[in-house]
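Read-outs: derived from the displayed coordinates by stated rules, not from any lab. Just so we're clear, the structure is a prediction, and the values are computed from it rather than from any experiment. With ideal geometry, Cβ positions are generated from the backbone for all residues, glycine too; neighbour counts draw on all protein chains shown.
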Amino acid sequence: MSAVVAVGRRVLIALLTIVLASLFVFLAVQALPGDVARQLLGQDATPEAVAALRETLGLDRDVWSRYADWLLGAVRGDFGVSLVSGAPVGPDLLTAFGNSLLIAVPAVLVGITVALLLGVVAGVRRGRTADTAISMTALVLMSVPEFMMATVLVLLFAIVFPVLPAVVLRGPEATPVELLPSVVLPAVVLTLAMAAYVVRSMRSSTIDVMSREFVVTAELKGLTPLQVVRRHALPSALLPVLDVVALNVAWLLGGVVVVENVFNYPGMGKLMIESVHNRDLPMIEAIAVVSAAVYVLCNLAADMTALALDPRLRTRRRTRSRRSA
Amino acid sequence: MPRIAEPLSRRTVLAGALGAAGLGLLSLSGCAPARQEPTIPQAAATGAARPGGMLRVARPAASAAETLDPASSLSAYEYLGALYNRLVKLDERGGTVPDLATEWSSNADVTQWTFRLRGDVRFHDGGDFTARDAIASIAHILDPATASPQAGVLGEVIDAAAMTAPDPHTLRFRLSKPNAEFPSLLAAYQCYIVPADAIGDPRRAGIGTGPFRLSSFHPAGTGSVEAVDDHFAGRPILDGIDFFSVQDASARVNALLAGQIDLISQTNLDFATARVVSASPRATVARSENAQWYTIPMLATSPEFSDVRVRRAMKLAYDPRRVVETALNGTGSAGWDNPVPPNMAAFLDEPREHDPDKARSLLRQAGAEGLSTKIYTSSYDAVFTPLAVAYRDAVADAGVRLTVQNASSDSYYTQVWMQEPLMVSYWFTGRPIDQLLGQIFRSGSSYNESAWSSPAFDAVLDDARAETNDARRRMLYQDAQRLIVEDGADMTPMFGDRLVGISRDVVNYAEYGFEFDYLSIGFRK
């Protein structure tokens, strides 16, 4: 019974988070100087043309009724039409989101696996050469901004040794197959940028767990180091890292604006920059909802994985309520 | 579009990073000439081109709302010159020369203009080009529903009813007031001619009489045009052009350096990036001379600059040659506050004096000694901030203390332009003399960025328009320039060369103002 309530509460909070995110983004766009009419028409605009476009787009109505209209539509699954292209928001966003997944999924799969492994190795071999090498590399990668890393990789692999394309020349009309050669460099940048954080936190978590009594006991029982790490240390060490992983995955799926822009990659991050520049509210709102949903889902997934890994977490609530009773 | 939008403000940062990293890596890998600063070439490569080839162009698309309607303010600029022709075009000195019209003449008081049109021209869909198409295209510009940027300029002298076709290849305009420079107003890049019955039909957008016909077009995406074999001006050297939309300026440069594209359009490379590009084995830099007209508008309606003595002092106080050296590393020419580029026939070659002491005394007379205010800039254009800083330093000699204030680039032209008393700005050069002076400096014009209002100047402009003698008209336009230099509120510190990224394989690239030579450009033999 209490599990159902707990899950229900989680879902409600998740929905509320998404709605609040959409509201804040809506208000933030209102606070930006200029509106879509001005941004679109630019300085060629005569005041009459701006006024006419504002009226056509319904920008002359007040903020709250426009937000209410948008929310009602969104609940029914209708995210409106782009103020710029006049086309429904849904299909364009889906294409861009799909393209983002094309670089994000390989980055997540490879990045997380390798990062966790390296983190454990560094933690177990604390203070040795392997640890120093891994930690230093991670530190450097964390300190270099993604666009810098992207630029250096482009210089190396597209300009000095031209084996990969530097930028995506095709726009949103490109098919995934056409995009494939261009996926490599952005995916590598994302992998490196994200993996560094995960390596660092996995390392410290491993060090922490390896010094605990139950690990020492396991070692004293005569288990091989591999068995100690795999059966005893790893499950506990993973727990605190899960949140870091979840946040990084969400950051990545939510559209890595800078990286996509450097590569002219037609993903959700680039779509977001363009929509914000044009003040294309329906598109910005839809992107906000998708991003918020991704964050919520990633955190939910992290919590669920934590439950699966640690039996204590499943019982803690019951234990606590019994105590307080 | 007077300026092509640069939507992303990080571009300078990225380009700077690219510049630093690029120089380092290129010299590490031995691509850069050892210990020698790469210099930026003076002119584009010329020579024999081999027939054929597809030119790949990276362009900054304005937005997903862009269109092939040349009259619209949202037109996809790079396609226009390839797909369409105008009645007339401009030569490098700003003179009006034939395109679809072969000759034109006026009545004695320049209120009626008659254009003789070519009879051998067909649209890409096979239809014959006649005066009816020209009338419909210009009426479409004048239509308020189109909201064309050129509507104001043309609407001042004609309306849709003012155009008649005495025969299929003769076009007559009856002007509402005399204008001896009327033909030049039809050279604007909104005035491309489309078939009369294709207007308003999106499925037929892109049909014109130009040297290339449209193969595909995705707004803010890719597009392609192919050569027309039997074009009246001759077949283009190229087989076609592929256009790609790349929003980020440094991504455009990367694509060029990696050999993915051959030309970057509508992009003025900053000096650091231009040096990296010039040092590359695949790409180089071509110049479109004096293509960027940099201005420092002083808002004439503001308390700071309403006094003409203060405005004069702000000009006398600085030496534009110093600004060109600092802000452009010499890749441009000094403006001396005259908005007319030196290559134009009507240019008044009388540099004003540079006298900081006189500036100081003028400020004292106006009660504005030690004037202290902000000068706005943004990353909208790579040269803006260097220009603001160079100007600030240059006027310090006259006791003027300016603080450089950086504003957001994506709302610079909606929140700062024509609202703050002092800012840096730019236009593309390429307006014919009458449109340049009338559009940017005439009282009440919507592009009058300094809100300057001078009845004397307006009167000189009117006199010039009514003057049929070419030499006397030129003198009147020079009088107008003198008034701008002495009394005006929009300073012109310099004209910058546009530094264009281009492949080393491309020859015969030529671009000035809004004119691009689509016929001769090709690949090296």
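What's the Cα-based Rg to Rh of chain A, Rh via Kirkwood?
1.06
Taking Cα centroids, how far is the range A:230-289 from the range B:336-390 in Å?
A separation of 47 Å, based on Cα centres.
Counting other beta carbons within 10 Å of each residue's own, what order do A:245, A:140, B:57, A:19 fall into, fewest first?
Listed from fewest to most nearby Cβ atoms, that is A:140, A:19, B:57, A:245.
Out of residues 5 or more away from residue B:508 or on other chains, whose amide H comes under 5 Å of its own, with H placed 1.01 Å from N in the peptide plane?
It is B:45, B:46, B:47, by chain and number.
How big is the antiparallel share of DSSP beta bridges in chain B, given as a percent to the nearest 5?
Values: 52 of 68 bridges.
Beta bridges within chain B, antiparallel portion: roughly 75 percent.
Tabulate in residue order the Karplus-calculated ³J(HN,Hα) for the range B:407-423, using 6.51 cos²θ - 1.76 cosθ + 1.60 with θ = phi - 60°, rounded to whole Hz; enter x for Gly and Pro.
For the range B:407-423, the Karplus curve yields 10, 4, 6, 7, 10, 4, 8, 10, 10, 10, 4, 6, 10, 8, x, 9, 7 Hz.
To the nearest 10 degrees, how steep is helix A:281-309 against the longest Cα principal axis of chain A, on a 0 to 90 scale?
The angle comes out at about 10 degrees.
For a label point 7 Å from the Cα of residue B:475 along Cα→C-beta, name the residues of the range B:339-365 whose backbone N is under 17 Å from it.
Under 17 Å, as judged by backbone N against the label point of residue B:475, lie B:346-350 of the range B:339-365.
Give the angle, between 0 and 90 degrees and rounded to the nearest 10, that separates the Cα long axis of helix A:2-31 from the longest principal axis of the Cα atoms of chain A.
40 degrees
Per DSSP H run of at least 4 residues, take -39500 (n - 2.57); add these up for chain B, divide by its residues and hand me the 222 nm value, nearest 500 deg cm²/dmol. Before the final figure, lay out each step's value.
On the way: 14 runs with 142 residues, N = 525.
Result for chain B: -8000 deg cm²/dmol, rounded to the nearest 500.
Can you sort B:497, B:201, B:230 by how many other beta carbons sit within 10 Å, fewest first?
In order of increasing Cβ crowding within 10 Å: B:230, B:201, B:497.
By a straight-distance test (C-alpha under 28 Å), which lysines pair with residue B:315 as possible cross-link partners, with residues fewer than eight away in the same chain excluded?
Those lysines meeting the cut-off are B:358, B:374.
Calculate the length of the line joining the C-alpha centroid of the range A:127-151 to that of the range B:203-281, in whole Å.
39 Å
Between helix A:268-278 and chain A, what is the angle of the helix's C-alpha long axis to the longest principal axis, kept within 0 to 90° and rounded to the nearest 10?
Helix A:268-278 and the main axis of chain A meet at about 30 degrees.
In whole Å, what are the Cα extents of the range B:306-456 along the three principal axes, biggest one first?
Sorted from largest, the Cα extents of the range B:306-456 read 38, 35, 33 Å.
Using the beta-carbon distance between residue A:62 and residue B:361 and R0 = 45 Å, what value does 1/(1 + (r/R0)^6) give for FRET efficiency, to the nearest 0.05?
Efficiency, from the Cβ-Cβ distance: 0.25.
Would you please report the Å³ per residue occupied by the convex hull of the alpha carbon atoms in the protein assembly as shown?
203 Å³
Per residue of B:64-75, what is the mean number of Cβ atoms on other protein chains within 10 angstrom of that residue's Cβ? Could you put the intermediate results ahead of the total?
Values: counts 14, 10, 2, 0, 0, 0, 0, 0, 1, 8, 5, 0.
Going residue by residue through B:64-75 and averaging, the value is 3.
Expressed as a whole percent, how much of the Cα-Cα distance distribution for chain B exceeds 41 Å?
Values: 30104 of 137550 pairs.
Cα-Cα pairs in chain B separated by more than 41 Å: 22 percent.
Which of the helices in chain B, when you take each full DSSP H run, stretch at least 20 Å along the axis at their Cα atoms and have an average Kyte-Doolittle score of 1.0 or higher?
On the way: long enough: B:11-28 (25 Å, 1.48); B:470-487 (25 Å, -1.03).
Membrane-span-like by this rule: B:11-28.
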